[in-house]
Amino acid sequence: MLWAGPAAAAAARDAPPAPPPSQSLADVLSRDPSPPATGVWPLRPVPPVVHGFDPPEEDWGAGHRGVDLAGRVGQPVRSALAGTVTFVGLIAGKGVVVVDHGSTRTTYEPVSSPLRPGERVGAGGLLGILAPASSHCAPATCLHWGWIRNSDDAYLDPLQLVGAGPVRLLPLWRDQPVG
């Protein structure tokens, strides 16, 4: 038989409650003020993904080199990872912010930002606000969020930063075939 003293009872009482098993990761993250270990969503609460990552087969080919997250004009935009701002300005008439993280960089558009290149931001640090812009999300507003590997400028799926990338099913190994 195991006996628990007053210290164990106090620790159990003060521990945060575990989320119900029916809650999704997105539900938990949208209410949790602390960022996950790998990265944070650039919009809060966790937004719907309007357009997913669809890299081109060739560098010059058609594709979607990031993800579009549903948002609203004026919504705060946050850095997915800690890093250094390397670009703030207009590209094709849209405000863009680029944050370098060492081996990778993230991009955010359309964003209106008071930051300047060289400024440091933490994971979840404010980059600016979602700006109005005509885009492929029109008439709705969305944030285009990109992630690029610096060594070869390869585009990566930014949803992997927040644990929401593509689902990969692994084989179920058994002694006998299933079915």
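The values are calculated or read from the model by the stated rules, or taken from the named source; none is laboratory data. As the structure is a prediction and not an experimental result, all values here were calculated from the model. Cβ placement follows ideal geometry from the backbone for every residue including glycine, while neighbour counts extend to all protein chains displayed. With ligands, DNA and RNA removed, areas are computed over all heavy atoms of the protein, side chains included. Shrake-Rupley method; radii C 1.70, N 1.55, O 1.52, S 1.80 Å.
Going from most exposed to least, what order do 73, 85 have by accessible area with a 1.4 Å probe?
On the way: 73 80, 85 0 Å².
So, going from the largest accessible area down, we get 73, 85.
How charged is the neighbourhood of residue 66? Take every other residue with its Cβ under 11 Å from the Cβ of residue 66, and add Lys/Arg as +1 and Asp/Glu as -1.
Values: positive: 65; negative: 54, 68, 109, 157.
My count for the surroundings of residue 66 gives -3.
Keeping every protein chain in place, order 64, 136 by accessible area at 1.4 Å, biggest value first, i.e. largest first.
Sorted descending by solvent-accessible area, the residues read 136, 64.
At a 1.4 Å probe radius, which order do 113, 151 fall into by accessible area, largest first?
151, 113
How much accessible surface area, in Å² rounded to 10, belongs to the heavy atoms of residue 49 with a 1.4 Å probe?
Solvent-accessible area, nearest 10 Å²: 70 Å².
In the range 38-130, with Lys and Arg counted as +1 and Asp and Glu as -1 at Cβ, which of these residues, 98, 39, 125, has the Cα nearest the positive end of the dipole, that is, farthest along it?
So the residue furthest toward the plus end is 125.
Residue 136 label point, 7 Å along Cα→Cβ, cut-off 12 Å on backbone N: hits in the range 50-88?
It comes to 50-56, 62-69, nothing else.
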